[in-house]
Every structure is written in C-alpha cells, then in structure tokens.
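What follows is a short report on a single structure.
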Amino acid sequence: MLSKQEISTGAQARGGSSEDFNTGSWRALRPIIDTSKCIHCMLCYLYCPDNAVCIIKESAKQNGNPEVTGVDLKHCKGCSICSQVCPVHCIKMIPEEEAKKVDKKD
Amino acid sequence: MVNIKEFAKREVKLVGGHRLCAGCPAPTIGKLALMAADKEVIVSSATGCLEVSTTIYPYSAWKVPWMHTAFENTAANIAGVETAVKVLNRKGIIKKDFRYLCIAGDGGTYDIGLQALSGAIERGHKFLYVCYDNESYSNTGIQRSSATPLFANTTTDPVGDIRKGKQELRKNFTEIMVAHNMKYIAQAALSNIQDMIMKLEKGYKATDHTAAFINIFSPCIPGWGIHDGDAVMLSKIAVDTCFWPLYEVEDGQYKLNYNPEESGKKIPIIEFLKLQSRFRHLLDPKNADLIAEFQKDVDDRWDKLKKKCGIRTDLV
C-alpha cells in the first residue's frame, strides 16, 4: 500500500490546452455571418458549444456592449446551432468545399 | 431577467477544441454553468461524454480546477474538496471562498452516482449539482439508462417484433432531489436561456446554505438520431409538449416558470417524437396506441406538477 507521501497526483493537463487542437477539419458546413444585419445579441456566442464565435467584449462601435466579429475556423465543427438560434437569420451555412474555393481565389 | 449582453462579457472557462460531437449542447451547459458563478469555481465531473471528450490527455478544455476520479463518486469528490478547503481556511493556510460545481450526465446522476449524491446532500455539503440529461449512456454507445423515456430505441433495448424499445417509465429524478429538502432545485432547458442562467445563478446563491440541484435537458445528436444543429429547437419542443416542464422548487415552494397551456402553445407529444429516429417505430400506424400511452404518461406527470405548483387542472 502507498504511504501518504507516495500517492500519485494522477494525470494532469494544462487548463485550456485543448485550444491547441484543431477540430475545424470536422466541418462540412461553414457559418458565414452577415455583420451588416447582425444585431450583436450574443445568442450565437453563448450557444456555441465550441466557443467558436469571436467577439470583442467591450466594443466602442456598440457603446461598450460586445460585438460579434466572425467565426474561429480552427474550432468550429459546423453544427449550425448559431444559424438556428439567430433571431435575425444573418448566419448562413454554406458547404465547406464552396467556402474553400472562395478562400483560394482570395 | 438576465442581461445577455452583460453576461457575455464574463470569461469563458470551458473552451473549444474538445472532441464532443458537433452540435452537442453539453459543453454549452458547462460553459454557462461556469459563467454564471459569482466566485471562483472548483469542478468535479462524473465519467460521461463531457468528461471524456473535454479531457483527452494531454489536453484539457477546462480553465478551472477540475477533477475526475470515477463514475459513481462525483458528489463524494466535491464533498472532500469542499471539506478540505474549509479545513485549510480554518488553519489559515489559504484565505479564499469557492463555489463547488458537480457536472454529470444522467448515467452518473440517475443511476450510478445517486448514492454518493444523496449522501453528500444529507451530510450538508454545499455544492451545485448540474445534470445534463441526454437520456442514455451516450458515451459508451447509447445504452438505456433510467432517464431513457418509454419506447425509445437503445442498443440494450432494441426495437424488434415483440418489444418496441424501452418498456419502463423514466425516473422522475428532479422529484427525488426535491425529497432531499435542499434550498434550490430546478429543471431547465437550453431553449429558454435566460431562465436557465437565472436558475444557475440562483443555484450558486443557494449553496451558501445547502446543496442545490439543476436538471438540464441535453439532446444527444447520434443517440436520438437528430440533425447536428437541432438541439436547441428540440429543447423548445420538449418544453412546449410538457415532456420537460420548466420549474423550480425554492424552500419547498414549487413554481412553474413557463406554462405552454397559458399561451396556447402546448402541442401533442407526437411533434417531439417524430423528429427523432429513436422513436421512428412509433410512427407506424400499427403503433398508434403506444403514442397514446406515451401521451398519457406525459399528461399524468404534467397534471401532478401543476397541482404541486398550485395551478388548477380542471379548468383546461
């Protein structure tokens, strides 16, 4: 039996290190946010299971309120929850292949 | 009412890069549970989807002190941590107050973790227990749990010619928790996000006095056979069909937070069943009596709850 001093600490990992892992390759659909229609209600940000909606927390443009700026494509799995909860329907889901073609042209 | 824009400014402590299925609402529940805390939080997780997928070695998605040991002892873990912090404070080694959060699925709550949870509450440990109820052992391949509803198709209760899925009624776990005389017990769903955040905040406040328990509806994408982005929409339908009523019990007082009958939004249970492939066999005209049986169970539970909340049932 192990004495008090010898008890193992178990496996440990640095907090938040999963951000280094790329889950964006899972995506079949890519969310495109029309920022001109967005009312910055923060629902997509709070609902996103992968925390992949990027915001500025205190934006001067929004009088100190948070502002949605885009999508973190490294973590977005393309589940389309953001597009479903958007009250003004400004998030469109397009096939990843099409989105990649547009990326290449740019 | 919670101000969503102000709430969004708080730090997110369950970050992306975890390997849960696309569209799984469990990390959203975890994220909001951590954001709603008014002090630093120490978390203990039971074995389950959320625990396994957020902490694949050497990665961790948690930015808070987090621990996991086994399936059955989440509440015992947090009871130990809470007591240790109390002793360290008393000895003057640290001077800090924490909030304690247990987060577990329905397997680790309804079935395997029940004894540890019941014991920890009885001993007066002060922690918030959040159960994300996906109605099966999803992590190991959709086996039935005591949270699985009637007639659902699971890998251990498959649909055949004779047996049509699970034959037993689901456990009403929130009521079991009410019987423990805690200060705050609630049932919440993601579709009503402000209500859910309010409940989480109330839950943390109640842990000044006793333990608190919140049961949150969490649709499972592969287990229930639904589309990736449908979790929130399905939560809304579950609330509107009265399959998952939103209520809270504060100091023994029942309160219905949302009554779909009042606004004329109550819909028949078939609307909930027809969206999920685990209930596909019920759509067969031969099985119409099974749907009626399901509806009767939902209505019975709903009527009982309304009585407890002091709403007259003979007027509807």
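The values are calculated or read from the model by the stated rules, or taken from the named source; none is laboratory data. These numbers were taken from a predicted model, which means no experiment stands behind them. Using ideal geometry, Cβ is built from the backbone for each residue, glycine included, and neighbour counts are taken over all protein chains shown.
Yes or no: the stretch B:288-296 includes at least one residue that is surrounded by 15 or more Cβ atoms within 10 Å (Cβ to Cβ), in contact (Cβ under 8 Å) with a residue 60 or more places away in the chain and within 28 Å of A:Pro49 (Cβ to Cβ).
There is no residue in the stretch B:288-296 that is surrounded by 15 or more Cβ atoms within 10 Å (Cβ to Cβ), in contact (Cβ under 8 Å) with a residue 60 or more places away in the chain and within 28 Å of A:Pro49 (Cβ to Cβ).
So which residues in the stretch B:13-34 are free of Cβ contacts under 8 Å to residues at least 40 places away in the same chain and either more than 9 Å from chain A (Cβ to nearest Cβ) or not charged (D, E, K, R) (or both)?
The answer is B:Leu20, B:Pro27.
Please find, within the stretch B:35-52, the residue that is nearest to the other protein chains (Cβ to nearest Cβ) out of those that are of a type in the set (A, V, I, L, M, F, W, C) and part of a helix (DSSP H, G or I).
Filtering the stretch B:35-52 for residues of a type in the set (A, V, I, L, M, F, W, C) gives B:35-37, B:41-43, B:46, B:49-50, B:52.
Going one step further and asking which of them are part of a helix (DSSP H, G or I), we end up with B:35, B:49-50, B:52.
Details: B:Met35: 8, B:Cys49: 12, B:Leu50: 11, B:Val52: 13 Å.
In this case the residue turns out to be B:Met35.
Would you be able to tell me the number of residues in the stretch B:237-254 that are within 23 Å of B:Gln295 (Cα to Cα) and either surrounded by fewer than 16 Cβ atoms within 10 Å (Cβ to Cβ) or at pLDDT below 95 (or both)?
Of the residues in the stretch B:237-254, 0 are within 23 Å of B:Gln295 (Cα to Cα) and either surrounded by fewer than 16 Cβ atoms within 10 Å (Cβ to Cβ) or at pLDDT below 95 (or both).
Assess whether B:Glu201 counts as being surrounded by fewer than 17 Cβ atoms within 10 Å (Cβ to Cβ), in contact (Cβ under 8 Å) with a residue 12 or more places away in the chain and charged (D, E, K, R). Break it down stepwise before answering.
Details: surrounded by fewer than 17 Cβ atoms within 10 Å (Cβ to Cβ): yes; in contact (Cβ under 8 Å) with a residue 12 or more places away in the chain: yes; charged (D, E, K, R): yes.
So B:Glu201 fits the description; yes.
Filter the helices (runs of 4 or more DSSP H) completely within the stretch A:42-106 down to those with at least 3 residues that are within 7 Å of chain B (Cβ to nearest Cβ). Steps first, please.
Numbers: elements: A:43-47, A:81-85, A:96-105.
Fully inside the stretch A:42-106 and qualifying: A:43-47, A:81-85.
Go over the candidates B:Ile78, B:Ile56, B:Ile93 one by one and state the one that is assigned to a loop (DSSP other than H, G, I, E, B), more than 9 Å from chain A (Cβ to nearest Cβ) and either modelled with pLDDT of 95 or more or over 21 Å from the mean Cα position of the chain (by Cα) (or both).
Details: B:Ile78 fails: assigned to a loop (DSSP other than H, G, I, E, B); B:Ile56 fails: more than 9 Å from chain A (Cβ to nearest Cβ).
Exactly one residue qualifies, and that residue is B:Ile93.
Working only within the stretch B:261-293, note down all residues that are part of a helix (DSSP H, G or I) and more than 25 Å from the chain's Cα centre (by Cα). Spell out how you get there, then give the answer.
Of the residues in the stretch B:261-293, the ones part of a helix (DSSP H, G or I) are B:270-273, B:277-283, B:285-293.
Listed by number, the residues that qualify are B:His281, B:Leu282, B:Leu283, B:Pro285, B:Lys286, B:Asn287, B:Ala288, B:Asp289, B:Leu290, B:Ala292.
Filter the stretch B:21-61 down to residues that are touching a strand residue (DSSP E or B) at 6+ places or on another chain (Cβ under 6 Å) and polar (S, T, N, Q) and give me whichever is farthest from B:Asp230 (Cα to Cα).
B:Ser44
Every residue in the stretch B:208-229 that is surrounded by 19 or more Cβ atoms within 10 Å (Cβ to Cβ) and assigned to a loop (DSSP other than H, G, I, E, B), please.
Step one: of the stretch B:208-229, the residues surrounded by 19 or more Cβ atoms within 10 Å (Cβ to Cβ) are B:211-221, B:223-224, B:226, B:228-229.
Hits for the stretch B:208-229 are B:Ala211, B:Ser218, B:Pro219, B:Cys220, B:Ile226, B:Asp228, B:Gly229.
Which one of these does B:Asp230 not meet: (1) within 12 Å of B:Asn134 (Cβ to Cβ); (2) touching a Pro at 6+ places or on another chain (Cβ under 8 Å); (3) touching a residue at least 60 places away in the same chain (Cβ under 8 Å)?
Result: B:Asp230 fails condition (1) only.
Please give the number of the condition B:Ala152 fails out of (1) within 26 Å of B:Thr28 (Cα to Cα); (2) at pLDDT below 95.
(2)
Mind checking which residues of the stretch B:275-290 are more than 22 Å from B:Tyr137 (Cβ to Cβ) and basic (Lys, Arg)?
Scanning the stretch B:275-290 gives a single hit, B:Lys286.
Kindly provide the set of residues from the stretch A:68-83 that are basic (Lys, Arg) and surrounded by 22 or more Cβ atoms within 10 Å (Cβ to Cβ), ordered by number.
The first filter runs over the stretch A:68-83 and keeps only residues basic (Lys, Arg), leaving A:74, A:77.
Once the filter is applied, which keeps residues that are basic (Lys, Arg) and surrounded by 22 or more Cβ atoms within 10 Å (Cβ to Cβ), the stretch A:68-83 yields only A:Lys77.
Please go through the stretch A:23-41 and pick out each residue that is outside any loop (DSSP other than H, G, I, E, B) and not polar (S, T, N, Q). Full working, then the answer.
Residues of the stretch A:23-41 that are outside any loop (DSSP other than H, G, I, E, B), as a first pass: A:24-26, A:29-33.
Answer for the stretch A:23-41, where residues must be outside any loop (DSSP other than H, G, I, E, B) and not polar (S, T, N, Q): A:Gly24, A:Trp26, A:Leu29, A:Arg30, A:Pro31, A:Ile32, A:Ile33.
Please indicate, with yes or no, whether at least one residue in the stretch B:263-281 is surrounded by 21 or more Cβ atoms within 10 Å (Cβ to Cβ), without any contact (Cβ under 8 Å) to a residue 24 or more places away in the chain and out of contact with any His (no Cβ under 6 Å at 6 or more places or on another chain).
Within the stretch B:263-281, one or more residues are surrounded by 21 or more Cβ atoms within 10 Å (Cβ to Cβ), without any contact (Cβ under 8 Å) to a residue 24 or more places away in the chain and out of contact with any His (no Cβ under 6 Å at 6 or more places or on another chain).
Taking the stretch A:26-41 as the search range and keeping residues that are within 22 Å of A:Glu98 (Cβ to Cβ) and within 11 Å of another protein chain (Cβ to nearest Cβ), which one is surrounded by the most Cβ atoms within 10 Å (Cβ to Cβ)?
Step one: list which residues in the stretch A:26-41 are within 22 Å of A:Glu98 (Cβ to Cβ), which gives A:26-38.
After this cut, where a residue has to be within 11 Å of another protein chain (Cβ to nearest Cβ) as well, the list is A:26-29, A:31.
Details: A:Trp26: 16, A:Arg27: 20, A:Ala28: 14, A:Leu29: 21, A:Pro31: 26.
That would be A:Pro31.
Which members of the stretch B:1-39 meet the condition of being surrounded by fewer than 17 Cβ atoms within 10 Å (Cβ to Cβ) and in contact with an Asp or Glu (Cβ under 8 Å, 6 or more places away or on another chain)?
Once the filter is applied, which keeps residues that are surrounded by fewer than 17 Cβ atoms within 10 Å (Cβ to Cβ) and in contact with an Asp or Glu (Cβ under 8 Å, 6 or more places away or on another chain), the stretch B:1-39 yields B:Val2, B:Lys9, B:Asp38, B:Lys39.
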